[in-house]
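Working notes, beginning with the structure itself.
The values are calculated or read from the model by the stated rules, or taken from the named source; none is laboratory data. Note that the structure is predicted; figures quoted are calculated from it, not measured. Using ideal geometry, Cβ is built from the backbone for each residue, glycine included, and neighbour counts are taken over all protein chains shown. The area values use the complete protein model at the heavy-atom level, side chains included, leaving out ligands, DNA and RNA. Shrake-Rupley method; radii C 1.70, N 1.55, O 1.52, S 1.80 Å.
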Amino acid sequence: MTELTFDPNDITHIVWDWNGTLLDDNHANLSAVNAICASYGVDPVELDHWRSIFRRPLVPLYEELLGRSLTEGEWERLEKLYDEDYLRHLPACDLAQGVPDVLLDWAGTGRTQSLLSMASHDHVVPLIAERGLAPHFTRVDGRRYDTEVDSKAEHLVHHLAGQGIDPSRVVLIGDIDDDARAARSAGAHAILVSTGLMAPERLAATGCPVAASPVAAVGALRGL
């Protein structure tokens, strides 16, 4: 765990990311990416390579992957290919190590937590309920609409405003650099976990603290 850049005693609320943070789904994501590669005659990618290039916005990322610009309507086709393959692998995806115990540990401090995902709202809300995690959160939001910049930033502002939470008392725990950008844009803090879709050195380049796991992130907040 790298050094915190804020006083953990000021934090009263965690906003959790889902994919790659609380859910260990790297293999499902990679399989879905390679399903797209196969459909387009592109060589499959290894996880380390994907973690070295993954970023938002997603359209330029996939244009780099395919080696050309997407035509009109093609992004929707890619999304459908991705979702179909990802959903086939989703039932085999486990919760991240230490989950849900780490959620109980944080709740035991008397502080609150919620969940915000860039997966679609209609997908993520029932999934959280099926996994038995909904009671841990004051609010669960997925992506309800698309934004021009394809970032979590605007969604985070709405997520916190909908709960009446002061962003300065919030830490967002996520697994990519867009989580750091979103937190800064909203006036919140961030801790990035190195278990997801972005290599640790890329996370460190954001200037945010980097933790090896959700458990380590909460441990740092609790001074353990």
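Observations, loosely collected:
- Some residue of the stretch 60-80 being at pLDDT 95 or above, in contact with a strand residue (DSSP E or B) (Cβ under 8 Å, 6 or more places away or on another chain) and of a type in the set (S, T, N, Q): no
- Applying a threshold of 6 Å to beta carbon distances and a minimum spacing of six or more residues, or different chains, the list of pairs starting in the stretch 92-103 at a residue that is within 9 Å of residue 214 (Cβ to Cβ) and ending at one that is open to solvent by 40 Å² or more (accessible area, probe 1.4 Å) and not in a strand (DSSP E or B) reads 98/215; 102/215; 103/136.
- For the stretch 9-33, filtering for residues that are in contact (Cβ under 8 Å) with a residue 24 or more places away in the chain, more than 18 Å from the chain's Cα centre (by Cα) and open to solvent by 30 Å² or more (accessible area, probe 1.4 Å) leaves 2.
- Single residue of the stretch 117-132 satisfying the filter (of a type in the set (Gly, Ala, Ser) and free of Cβ contacts under 8 Å to residues at least 40 places away in the same chain) that is most open to solvent (accessible area, probe 1.4 Å): 129
- Hits in the stretch 90-110 - residues which are open to solvent by less than 60 Å² (accessible area, probe 1.4 Å) and of a type outside the set (A, V, I, L, M, F, W, C): 98, 100, 109
- Residue match in the stretch 173-181 (condition: among the aliphatic types (A, V, I, L, M) and touching a residue at least 60 places away in the same chain (Cβ under 8 Å)): yes
- Residue check, residue 52 hydroxyl-bearing (Ser, Thr, Tyr), modelled with pLDDT of 95 or more and under 17 Å from the mean Cα position of the chain (by Cα): yes
- Residue 110 free of Cβ contacts under 8 Å to residues at least 40 places away in the same chain and in a loop (DSSP other than H, G, I, E, B): yes
- The residue that is surrounded by the fewest Cβ atoms within 10 Å (Cβ to Cβ), counting only those in the stretch 69-89 that are farther than 18 Å from residue 127 by Cα and touching a residue at least 40 places away in the same chain (Cβ under 8 Å), is 81.
- Test: residue in the stretch 115-136 that is in a loop (DSSP other than H, G, I, E, B) and closer than 29 Å to residue 75 by Cα: no
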